Structure formats: structure tokens, C-alpha cells
1. Over the Cα atoms of region 1-147, what radius of gyration and what Dmax do you get, in Å?
2. Mind listing which chymotrypsin sites (Phe, Trp or Tyr not before Pro) in region 1-110 are in a DSSP loop and have 16 or fewer other Cβ atoms within 10 Å?
3. Provide, for the chain, the number of lysine pairs with alpha carbons under 13 Å apart, each pair being eight or more places apart or on different chains.
4. Can you list which of the trypsin sites (Lys or Arg not before Pro) found in region 1-108 are DSSP loop residues with at most 12 other C-beta atoms within 10 Å?
5. Mind checking the dipole of region 2-270: about its Cα centre, +1 per Lys or Arg Cβ, -1 per Asp or Glu Cβ, Debye to the nearest 20?
6. Lys/Arg Cβ at +1, Asp/Glu Cβ at -1, dipole of region 19-65 taken about the Cα centre: which of Ile21, Ser54, Tyr40 is farthest positive-ward?
7. Give the share of C-alpha pairs in each 10 angstrom bin for region 135-268, from 0 to the last occupied bin, in whole percents, shortest bins first.
8. Between helix 122-133 and the chain, what is the angle of the helix's C-alpha long axis to the longest principal axis, kept within 0 to 90° and rounded to the nearest 10?
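Each reported figure results from applying straightforward, stated rules to the coordinates on display, with no laboratory input. These numbers come from a predicted model, not from an experiment. Heads up, the Cβs are rebuilt from the backbone with ideal geometry, glycines too, and the neighbour counts pull from every protein chain shown.
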Amino acid sequence: MKRTTRLVVDSPLGVIGLVIIIILLLCVFLSPVLATHDPYEIDIPNKLEPPSRSNWFGTDSVGRDIYSRIIYGSRYSLLAGIIVVVIGVTIGSIVGLLAGYPGGRGGEWLMRITDIFLAFPTLILAIALASTLGPSFFNSMVAISIVYWPKYARLVYGQALSIKERDFVLYGKLLGESSFKIRIRHIYPNAFSALMVQATLDLGDAILFFAALSFLGLGAQPPTPDWGAMISFAQDYMTVSWWMALFPGLAIFLVVLGFNLLGDSLRDALDPRLRRLKEFKPMRFTWLGNFRKLVSYANKENDIDK
């Protein structure tokens, strides 16, 4: 864990992503302190005011402070992303473990059901489910969760197929350990690093999906300070009040970027092959130096495979 943290911190892009996530968490937990106005307060005389000292990001068409609404909107976006990923990881892990070990015909049926979900375009399926369930914050999270679990099931299934052939799993089976114990004690812990990387990357993706549903009117409903709903509300004022759509859009962009950068850094830190590729720096000036470097790297790969 310490080595992984050090490798993430050593990566400039990982540090940028980590800083963005820390700022997001500060906005979530310190919203009443950081906000300068009540996000629900309507002030008609000051509607469509441009950014100023009193309203840092300007006001919307009914006079609400956009900066304060963005600060409070971080709560809904992060909550939606976390709940979606947790539900997806939980369902996907259960399905993937049951299908991957011990496998057999039951596992094949579970994977075929998973493939049916994966066959549908993700966003279109989420929109269809959210429309069927009805527009609300909770229903949009349920719709996105239903769309997300198959990718985790496929990931855990692939990891389980690889891990179950290793010696420590075979020894556990010879010692009489149950299938449940082998899944929980041997297979899932070894698949967790790949699962954690995918979950970190999908946090930003889930926030973007939630904003898209809110933009279409299927997510959080007014007057909830949701970023996607704020952009949807600003459509009719784009030419006269550019700040209404710009700042919520920037918030979504930065948060998604932060999770993607952090997820990429975690992947590089947890995957030893990617670590070695980054450590490989060929010499520039001599062909002999390049050749020696390549031979040394190939020998390391062969030793690890053995």
C-alpha cells in the first residue's frame, strides 16, 4: 500500500488527479462554509448578473448564485457516482465470482446473460431505464447501476479464470476448502486491484452519466443544484449569459478528469508490467546501448514468466 501510494504521488498526472479529488471532497464536506449564498434563494432583481465580487460565477435566470449551486451540487454528483459504482461492483463481483469458479454450465449461462446487457449501447439503455422508472435522483442512480454491473462481472470473471489455475488455489482445493472460501480467500483478493482501478475510472464516468440524465430531465429535479440540470436550465440563455453553462460544465470536466488521471496512475502503480515499461528508457546515442537495454529488459521478462 505504501509503495502504491508513493508511485501515485511520484506521477505528476496522478498528483493533479489527487488534488482535484481532494478539492471535490472539500466542496462536499465544507459546502456551508465555502458557499457564499443559499443555493436555493431566488433573487429576481439580480437575475442573469455576470461574474462579480458579490456573485463569483454570476447568477442564473431567477437570481440564484451559480457558485454556491456548484459547491452544493458536488454532493449530489459524488454521491451518485459512489452509489452507482458500489452497486455495480457488488453485483458484478458476485456474478463474476459465481461464473468464474468453479465455472461449468451455470457460469456460462451467467456470462451469456451478462453479454445480453453488454450488447446494448450503455447510454441508450440508461436513458430507457430512467424513462421507464420515472425522472428522479434515485431512479437515475438505479438505471446507471443496472447498466454498470456487467462490465465488473466480465472483469471479475476474466480474473477468476486466470487465478483459479494458480498453485495456491489448487492447494486450497486439495485441502478441502469450499468453493465459497476459495472465492473469498484466494480469488477475490487477487482480482481486487484490477477492480479498484476500474472502479476509480468509472467514478468519473458515472458522474458524467448522471449529469447527462439530469441534462435530459431524467435525473435530479429542480430546484436541486445538480450540474447537469444547471446546464440544461442554461440552454435558453447561452447567447446572453454564457456563465450559466460554462462553470457547471467546467466542474464536470475537472471532476471526470481528476478521476481518470487518478485511475490511470493507480493502474500504472498496480500493474508491474506497466511499471517496468515506464522504467525502460533506451539510450539515445549508441545502437549498442539500445541493444543491451533491450536484452536486459527481455531477460527480466523471461525471469518473471518462469
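1. Over region 1-147's Cα set, Rg and Dmax evaluate to 21.5, 69 Å.
2. Sparse-neighbourhood loop chymotrypsin sites (Phe, Trp or Tyr not before Pro): Tyr40, Trp56.
3. Summing the qualifying lysine pairs gives 4.
4. Those that pass, being in a loop and sparsely packed, are Arg53.
5. Dipole size: approximately 1080 debye.
6. Selected residue: Ile21.
7. 11, 29, 25, 17, 11, 5, 1, 0
8. In the chain, helix 122-133 runs at an angle near 60 degrees to the longest axis.
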